[in-house]
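Peer 1: The structure under discussion is supplied below as structure tokens; questions concerning it will follow.
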Amino acid sequence: MPRRPNGWWISPAIPTIANCALAVLWGFSALGGWGDAAFCGEGELRDPGCAAGFDDTVRLSAPVAVIAAAVAVTAWSMPGVRRRPDRLDVLLTAAAFIWVLAEGVLFIGGYIAKP
């Protein structure tokens, strides 16, 4: 991979791994039950109203997560982007920030849904 214009060389594996880690975190939090358990409780202590509110939060966060995944996949699938390190860096960094936004929606929505 060619060097960046400023002389720095950072492996694209680093932002790619960050995107994958954020995607897994979102998946476990939204779909795996981590967020529901954290904000609404477990077992007998689970609040059904909170769970319904958190489900709404997951629905709001899902389109943001889809956009983040699309940006990351697009960065790697388009040869014109993949061969230009500066463009690849920008898109992978943008995807990571979008993942953080999706996580933020889950956190804020879960906090609001919490009894």
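The values are calculated or read from the model by the stated rules, or taken from the named source; none is laboratory data. Quantities reported herein were computed from a predicted structural model and do not represent experimental measurements. Note: ideal-geometry Cβ built from the backbone for every residue, glycine included; neighbour counts use all protein chains shown. Ligands, DNA and RNA are stripped out before the accessible areas are found, and what is left, the full protein with its side chains, is counted by its heavy atoms. Shrake-Rupley method; radii C 1.70, N 1.55, O 1.52, S 1.80 Å.
Peer 1: Give me the pairs, please: first residue somewhere in segment 10-21 and closer than 12 Å to PHE97 by Cα, second residue anywhere and of a type in the set (Val, Ile, Thr) and modelled with pLDDT of 90 or more, beta-carbon distance under 7 Å, and either six or more positions apart or on two chains.
Peer 2: Partner pairs satisfying both residue conditions: PRO15/THR93.
Peer 1: Just the residues that are open to solvent by 40 Å² or more (accessible area, probe 1.4 Å), out of contact with any helix residue (DSSP H, G or I) (no Cβ under 8 Å at 6 or more places or on another chain) and modelled with pLDDT of 95 or more, please, taken from segment 74-104.
Peer 2: Residue satisfying the conditions is PHE97 alone.
Peer 1: Do we find that PRO63 is in a helix (DSSP H, G or I), in contact (Cβ under 8 Å) with a residue 24 or more places away in the chain and of a type outside the set (Asp, Glu) in this structure?
Peer 2: Against the criterion (in a helix (DSSP H, G or I), in contact (Cβ under 8 Å) with a residue 24 or more places away in the chain and of a type outside the set (Asp, Glu)), PRO63 does not qualify.
Peer 1: Just a yes or no: is a residue in segment 61-68 open to solvent by 80 Å² or more (accessible area, probe 1.4 Å), under 20 Å from the mean Cα position of the chain (by Cα), under 30 Å from ALA113 (Cβ atoms) and not hydrophobic (A, V, I, L, M, F, W, C)? Before the answer, list the steps.
Peer 2: Our first condition is that a residue be open to solvent by 80 Å² or more (accessible area, probe 1.4 Å); within segment 61-68, this holds for 66-67.
With under 20 Å from the mean Cα position of the chain (by Cα) added as a condition, the list becomes 66-67.
Applying the additional criterion that residues be under 30 Å from ALA113 (Cβ atoms) yields 66-67.
Adding the requirement that they be not hydrophobic (A, V, I, L, M, F, W, C) leaves none.
So far as segment 61-68 goes, no, none of its residues is open to solvent by 80 Å² or more (accessible area, probe 1.4 Å), under 20 Å from the mean Cα position of the chain (by Cα), under 30 Å from ALA113 (Cβ atoms) and not hydrophobic (A, V, I, L, M, F, W, C).
Peer 1: In addition: Step by step: first the residues of segment 38-59, then only those that are in a helix (DSSP H, G or I) and open to solvent by less than 50 Å² (accessible area, probe 1.4 Å), then the one that is farthest from GLY27 (Cα to Cα). Which residue is that? Steps first, please.
Peer 2: Taking segment 38-59 as the starting set, the residues that turn out to be in a helix (DSSP H, G or I) are 38-40, 43-45, 48-59.
Still in the running and open to solvent by less than 50 Å² (accessible area, probe 1.4 Å): 39-40, 50-51, 53-54, 57-58.
On the way: PHE39: 16, CYS40: 17, CYS50: 19, ALA51: 17, GLY53: 18, PHE54: 14, THR57: 13, VAL58: 10 Å.
The residue in question is CYS50.
Peer 1: What number goes with the only condition from (1) open to solvent by 70 Å² or more (accessible area, probe 1.4 Å); (2) touching an Asp or Glu at 6+ places or on another chain (Cβ under 8 Å); (3) not acidic (Asp, Glu) that TRP9 does not pass?
Peer 2: Result: TRP9 passes all but (2).
Peer 1: Of the residues that sit in segment 22-32 and are part of a helix (DSSP H, G or I) and open to solvent by 60 Å² or more (accessible area, probe 1.4 Å), which one is nearest to ALA102 (Cα to Cα)?
Peer 2: So in segment 22-32, the residues part of a helix (DSSP H, G or I) come out as 22-30.
Subset that is open to solvent by 60 Å² or more (accessible area, probe 1.4 Å): 24-25, 28.
Numbers: VAL24: 12, LEU25: 10, PHE28: 13 Å.
Selected residue: LEU25.
Peer 1: Same structure, new question: Among (1) touching an Asp or Glu at 6+ places or on another chain (Cβ under 9 Å); (2) at pLDDT 95 or above, which single condition is ALA62 missing?
Peer 2: (1)
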